[in-house]
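The values are calculated or read from the model by the stated rules, or taken from the named source; none is laboratory data. Because the structure is predicted, anything quoted here is derived from the model rather than measured. All Cβ positions, even for glycine, are placed from backbone atoms using ideal geometry, and neighbour counts span all protein chains on display.
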Amino acid sequence: MPQASANNITIEYESFGSPSDPTILLIMGLGMQMIAWPEQFCVELASRGFRVVRYDNRDTGFSTKFDGAKAPGVASLIFRSMLRLPIRVPYTLGDMADDAAGLLDALDVQSGHIVGASMGGMIAQNLAASHPRRVRSLTSVMSTSGHRSLPGADPLVSRHLFRTRPTGNDREAVIAHNMRTIELIGSPAYPVDPETRREMVSISFDRAYYPAGFTRHVAAIVKDGDRRSRLNTITAPTLVIHGREDPLVPLAGGIDTAKHIPGAQLEIIDGMGHNFPVELWPQIIDMITDHARHSAANEESPGSHNGIP
């Protein structure tokens, strides 16, 4: 797959559709590689008349790894955050937003429709706040504003993700753990069968297993903190999509995100957890592409000031 030099790092990416079509940039979440945006999902998005780009965030997949960069442990991060003590991290979500802007530069894309999932939604929010002219529309999926008053993940999910992660590179142990992750955070109305879960996590492990990136991503999330003041400055037309049954980032996070972005539209999907069930692809793809088209139409209307000329 192609690579781009952006923001002083190397980013692995993949493009679907015609380069002449409007660009949808997909940003994935915590510790996840770009293949967490399924290829067929990207193909179907592109079939609606868009160029779709997915990429590996820094510290995942085949993008630049920050080997040797130390991040505080999860317990230390939470403790220091609660006491409002300084947190030193290798990089921030703002840096990761700059990565996305740099990738747009490398692709010669002046502005794109930005879609971020989970931590990717946080990155997309930062991008829209700090690089407003690069964002034609923003879609924040199963993400949050980061305010400390919001409910956290289901305790069972938190214990699984942060206390029982396998150490080392034991393939079967990692696969079993990640299969359980998908089960715990998935959509209650659309369960993923064990064979499919195993195939998904096996492909990810064999492509580029890199657990150190997960810890540094967590550090960047905690460091980023409350984004409400930044959300208030976003001018891009914004769609917030959230599953009603999300056990990792509860629905309140999506509601609060939409509340603090001027004019944001909130779409709540019944039966959806913290994943993209194939049964919901048509609905989610319709939401993303309808929002992008509506935003583009508003750019062209007289008196519009939100778009890129």
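Numbers at a glance
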quantity: The stretch 217-231, residues that are of a type in the set (Lys, Arg) and either part of a loop (DSSP other than H, G, I, E, B) or modelled with pLDDT of 95 or more (or both); calculated: Arg227, Arg228, Arg230
quantity: Lone unmet requirement of (1) among the basic types (Lys, Arg); (2) crowded, with 20+ Cβ neighbours inside 10 Å; (3) more than 29 Å from Pro22 (Cβ to Cβ) for Arg88; calculated: (2)
quantity: Test: residue in the stretch 200-213 that is among the β-branched types (Val, Ile, Thr) and part of a helix (DSSP H, G or I); calculated: yes
quantity: Tally of residues being under 30 Å from His113 (Cβ atoms) and polar (S, T, N, Q) across the stretch 135-166; calculated: 6
quantity: Candidate set: the stretch 182-196, residues that are touching a Lys or Arg at 6+ places or on another chain (Cβ under 9 Å) and within 23 Å of Asn57 (Cα to Cα); chosen: the one surrounded by the most Cβ atoms within 10 Å (Cβ to Cβ); calculated: Gly186
quantity: Candidates Gly29, Gly102 - the one that is surrounded by 17 or more Cβ atoms within 10 Å (Cβ to Cβ), touching a strand residue (DSSP E or B) at 6+ places or on another chain (Cβ under 6 Å) and assigned to a helix (DSSP H, G or I); calculated: Gly102
quantity: Residue tally, condition of a type in the set (Val, Ile, Thr), assigned to a loop (DSSP other than H, G, I, E, B) and touching a Phe, Trp or Tyr at 6+ places or on another chain (Cβ under 7 Å), over the stretch 161-199; calculated: 0
quantity: Count of residues meeting criterion [of a type in the set (A, V, I, L, M, F, W, C), surrounded by fewer than 22 Cβ atoms within 10 Å (Cβ to Cβ) and assigned to a loop (DSSP other than H, G, I, E, B)] in the stretch 33-70; calculated: 3
quantity: In the stretch 93-127, residue farthest from Val218 (Cα to Cα) [restricted to those that are in contact with a helix residue (DSSP H, G or I) (Cβ under 9 Å, 6 or more places away or on another chain) and of a type in the set (S, T, N, Q)]; calculated: Gln110
